Amino acid sequence: MHAPSLLQSLRSYNRKTFFADLTAGLTVGVVALPLAMAFAIACGIKDITPATGLITAVVAGFMISLLGGSKFQIGGPTGAFVVLIASVAGAFGMSGLILCTLLAGLFLILFGIFRMGALIKFIPYPVTTGFTSGIAVTIFCTQIKDLLGLQIEGSVPAEFIAKWACYIEHIGTVNFWALGISLLTIAVILITKRLLPKAPFMLVGMLVSTVVCLVFKLPVETIGSRFGELPQGLPMPEFPSIDMGQLPSLIKPAFVIALLAAIESLLSASVADGMTGSRHHPNTELIGQGVGNIAAALFGGIPATGAIARTATNIRAGAKTPVSGLIHAITLLLILMLAGQYAAVVPLPALAGILVLVCWNMAEVSTFTHLLTGPRQDAAVLIITFILTVLIDLVVAVEVGVVLAALLFIGRMAKISNVEAISHEIEGEDPEELPARSRYLRHVPDNVEIFDVQGPFFFGAVEKFKDNVFRTMEDNIEYVLLRMRLVPALDASGLHVMEDFLAYCHRHNITLLLCGVQPQPFKVIRRDSSFMKELHAENICENIDAALTRIEQLEQEKKNTPNGES
């Protein structure tokens with residue numbers, strides 16, 4: 001296991017590097033301010049206030065930079081968790097959510113300890129795109145009330161269709177001042193981003209809208225009117241109370257939160273590597289993410305992970321080491337302590353406008369449409385994952401998406417796996433196929449059948465092996481040679497079929513030989529002592545020439561044995 005990136009960076013740390021990290025940390029801290037509050041509000045839970053988002057960004061962000069495996073990662077609350085947070089908090093309350101976050105942190109630490117960082121990267125791209133785009137749509141739907149200033153008594157329904165039915169029912173209560181502030185915020189952000197790309201454009205948009213509301217005393221809802229004033233500092237850490245009755249029900253969402261945190265954080269770290277030419281340590285990063293989420297839970301925060309946009313901002317601002325991430329967290333803490341009381345005047349439509357732009361970026365419309373024009377099976381996985389995320393549940397969407405993608409992958413692997421008889425081709429009766437088979441001709445006796453096995457020999461390919469081999473077996477065959485030079489992997493199902501085939505060969509007085517066995521299949525075969533005993537180690541040959549020589553030797557032994565018995 002690699003040491004945290006911070007320790008490695010401090011070995012050559014100097015004054016110049018510190019000032020570069022200081023500038024970057026201050027910049028990304030200011031950028032993270034409106035996002036941390038906006039993502040907390042987007043959860044739609046009364047007990048999750050803008051302060052909850054800021055506390056999460058401070059505590060989790062600090063620990064992720066302190067113990068993570070990336071030099072540039074900026075951690076904090078992100079849109080990926082909004083749907084899950086709302087679901088868990090709605091079902092189990094804030095205490096259940098805190099316990100769920102703590103469990104997710106433990107899962108992340110276990111992912112890192114068991115070196116699963118490389119495996120998590122293999123989550124299919126259509127699945128991640130599908131649920132990310134679905135989350136974007138879901139978050140956008142939660143912001144319609146604040147975006148339009150709708151007057152809705154009680155809570156808005158959580159379900160997609162019921163939510164929109166509620167919005168349509170109350171469409172006559174639109175507050176055009178709130179809508180104007182939302183549009184003003186979006187316009188200011190886009191203009192600032194265009195004219196001053198290095199400026200914290202989301203903060204600029206929030207500040208301009210806040211000033212306009214204060215100057216003209218516009219009748220729009222603010223953070224203070226809904227949540228009250230923000231605390232001026234961090235609360236004392238407190239271990240959550242554990243309800244043993246809730247614990248089994250929280251395992252599943254905690255695992256999904258951990259999985260999403262792992263995917264997003266490693267994706268963010270990979271993006272940072274591409275921008276800087278550095279390399280992160282995935283397993284160390286997962287442990288840092290786990291500790292960050294546990295720390296956030298102890299301070300009453302929500303799940304956190306690496307944030308791609310904030311990490312990219314950190315890099316563009318000149319960050320050199322994880323110290324910039326620590327400064328980012330300290331900056332947010334100072335803002336909370338010194339200016340938290342003023343956050344109460346921030347209009348909620350302004351934060352809704354910020355989230356609209358965040359949702360647009362999350363939706364990855366160009367990537368989504370590009371995948372739709374690709375292979376139909378991938379497009380199907382994308383659409384199903386997207387629809388399930390929006391209409392049903394993110395947990396279900398991830399489960400179904402991964403299972404579907406795995407099944408489709410198995411089908412593709414089964415298609416490229418093949419078994420065919422090549423005895424006549426090796427003898428030269430099909431010269432057009434010769435270059436793909438062999439460099440020169442060999443003599444194959446009439447009582448020998450050679451099969452070329454291609455592709456992974458796993459449970460998805462065994463039926464093709466049975467069909468092709470048994471269909472082409474001839475009555476006068478005494479030796480069967482399986483050429484396995486193009487078999488990179490063998491699983492238990494493939495080995496079981498080989499055991500059955502060996503038993504079939506014994507019943508029909510046929511000798512089975514293998515040649516060109518690659519390391520992984522050879523390791524699997526060698527572990528099965530009974531199979532090795534029945535096959536005989538001498539019948540596993542290095543190449544086809546050695547196998548044909550072995551057959552000649554067996555034939556000679558048979559001739560020298562009385563009554564032709566071996």
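The values are calculated or read from the model by the stated rules, or taken from the named source; none is laboratory data. This one's a predicted model, so the numbers in the text were calculated from it and none came from an experiment. No Cβ is skipped: glycine too gets one built from the backbone with ideal geometry, and neighbour counts run over all protein chains shown.
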For this session: For segment 302-325, indicate whether the set of residues that are surrounded by fewer than 22 Cβ atoms within 10 Å (Cβ to Cβ), touching a Gly at 6+ places or on another chain (Cβ under 9 Å) and at pLDDT 95 or above is non-empty.
Result: no
Exercise. For segment 264-274, which residues satisfy the criterion of being aliphatic (A, V, I, L, M) and modelled with pLDDT of 90 or more?
Worked result: Leu266, Ala269, Ala272
Exercise. Can you spot a residue in segment 483-506 that is crowded, with 21+ Cβ neighbours inside 10 Å, modelled with pLDDT under 95, outside any helix (DSSP H, G or I) and more than 36 Å from the chain's Cα centre (by Cα)?
Worked result: yes
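Would you please name the residue that is surrounded by the fewest Cβ atoms within 10 Å (Cβ to Cβ), looking only at residues in segment 507-550 that are β-branched (Val, Ile, Thr) and in a helix (DSSP H, G or I)? Steps first, answer last, please.
As a first pass, look at segment 507-550 and keep what is β-branched (Val, Ile, Thr): 510-511, 517, 524-525, 540, 544, 549.
If we keep only those that are in a helix (DSSP H, G or I) too, we end up with 524-525, 544, 549.
On the way: Val524: 19, Ile525: 21, Ile544: 22, Thr549: 12.
Among those that are β-branched (Val, Ile, Thr) and in a helix (DSSP H, G or I), it is Thr549.
Taking the condition modelled with pLDDT under 95, among the small types (Gly, Ala, Ser) and within 28 Å of Pro197 (Cβ to Cβ), does Ala38 pass? Explain how you work it out, then say what you get.
On the way: modelled with pLDDT under 95: yes; among the small types (Gly, Ala, Ser): yes; within 28 Å of Pro197 (Cβ to Cβ): yes.
Criteria met by Ala38.
Across segment 199-217, which residue is nearest to Met37 (Cα to Cα) among those that are outside any helix (DSSP H, G or I) and touching a helix residue (DSSP H, G or I) at 6+ places or on another chain (Cβ under 7 Å)? I'd like the intermediate steps shown before the answer.
Going through segment 199-217, the residues outside any helix (DSSP H, G or I) turn out to be 199-200, 217.
Right, trim to touching a helix residue (DSSP H, G or I) at 6+ places or on another chain (Cβ under 7 Å) and you get 199-200.
Numbers: Ala199: 19, Pro200: 15 Å.
The qualifying residue nearest to Met37 (Cα to Cα) is Pro200.
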Problem set entry | Single condition Met362 does not satisfy, out of (1) touching a Gly at 6+ places or on another chain (Cβ under 7 Å); (2) part of a loop (DSSP other than H, G, I, E, B) | (2)
For this session: Output the number of residues of segment 200-217 satisfying the condition of being buried (at least 21 other Cβ atoms within 10 Å of the Cβ) and within 19 Å of Asp146 (Cα to Cα).
Result: 5
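Yes/no per residue for (1) within 25 Å of Leu382 (Cβ to Cβ); (2) of a type in the set (Phe, Trp, Tyr):
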{"site": "Val127", "(1), (2)": "yes, no"}
{"site": "Lys145", "(1), (2)": "no, no"}
{"site": "Leu148", "(1), (2)": "no, no"}
{"site": "Phe160", "(1), (2)": "yes, yes"}
{"site": "Trp164", "(1), (2)": "yes, yes"}
{"site": "Leu179", "(1), (2)": "no, no"}
Exercise. Can you tell me how many residues in segment 118-141 are in contact with a Gly (Cβ under 8 Å, 6 or more places away or on another chain) and more than 11 Å from Ala397 (Cβ to Cβ)?
Worked result: 4
Seminar exercise, completed: Note on Val419: of the conditions (1) in a helix (DSSP H, G or I); (2) touching a Phe, Trp or Tyr at 6+ places or on another chain (Cβ under 9 Å), unmet is (1)
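From Gly44, Gly96, Gly69, grab the single residue that is farther than 22 Å from Ala158 by Cα and either out of contact with any His (no Cβ under 8 Å at 6 or more places or on another chain) or in the same structural domain as Val356 (by TED's automatic domain parsing) (or both).
After applying the criteria, what remains is Gly69.
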Problem set entry | Qualifying helices (runs of 4 or more DSSP H) (wholly inside segment 45-150; at least 1 residues being at negative phi and of a type in the set (S, T, N, Q)) | 50-67, 82-113, 125-142
Seminar exercise, completed: With the first residue restricted to segment 236-247 and required to be at negative phi and assigned by TED's automatic domain parsing to the domain that holds Thr56, and the second required to be part of a loop (DSSP other than H, G, I, E, B) and modelled with pLDDT of 85 or more, Cβ contacts under 9 Å at 6 or more apart or on different chains are Met236/Phe299; Pro237/Phe299; Pro237/Gly300; Glu238/Phe299; Glu238/Gly300; Pro240/Gly300
For this session: Please state which of the following conditions Val220 fails to meet, knowing it meets all the rest: (1) part of a helix (DSSP H, G or I); (2) farther than 22 Å from Ala312 by Cα; (3) in contact (Cβ under 8 Å) with a residue 12 or more places away in the chain.
Result: (1)
Problem set entry | Residues (in contact (Cβ under 8 Å) with a residue 40 or more places away in the chain and crowded, with 21+ Cβ neighbours inside 10 Å) located in segment 179-199 | Ile181, Ser182, Thr185, Ile189
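Every residue, every condition in (1) over 30 Å from Ala91 (Cα atoms); (2) modelled with pLDDT under 85, yes or no:
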{"position": "Arg376", "(1), (2)": "yes, no"}
{"position": "Val381", "(1), (2)": "no, no"}
{"position": "Leu388", "(1), (2)": "no, no"}
{"position": "Ala405", "(1), (2)": "no, yes"}
{"position": "Pro435", "(1), (2)": "yes, yes"}
{"position": "Phe451", "(1), (2)": "yes, no"}
{"position": "Asn476", "(1), (2)": "yes, yes"}
Problem set entry | Residue that is surrounded by the fewest Cβ atoms within 10 Å (Cβ to Cβ) [pool: residues in segment 332-372 that are over 14 Å from Phe140 (Cα atoms), in contact (Cβ under 8 Å) with a residue 12 or more places away in the chain and of a type in the set (Gly, Ala, Ser)] | Ala344
Exercise. Gly75 is checked against (1) buried (at least 24 other Cβ atoms within 10 Å of the Cβ); (2) more than 23 Å from Val31 (Cβ to Cβ) and fails just one. What number does that condition carry?
Worked result: (2)
Exercise. Taking only pairs six or more apart or across chains, which ones have beta-carbon atoms under 7 Å, a first residue in segment 284-299 that is closer than 15 Å to Ser5 by Cα, and a second residue that is among the hydroxyl-bearing types (Ser, Thr, Tyr) and not in a helix (DSSP H, G or I)?
Worked result: Glu285/Ser70; Gln289/Thr305
Problem set entry | Matching residues in segment 1-30 - criterion: being under 30 Å from Val83 (Cα atoms), crowded, with 22+ Cβ neighbours inside 10 Å and among the aliphatic types (A, V, I, L, M) | Val28
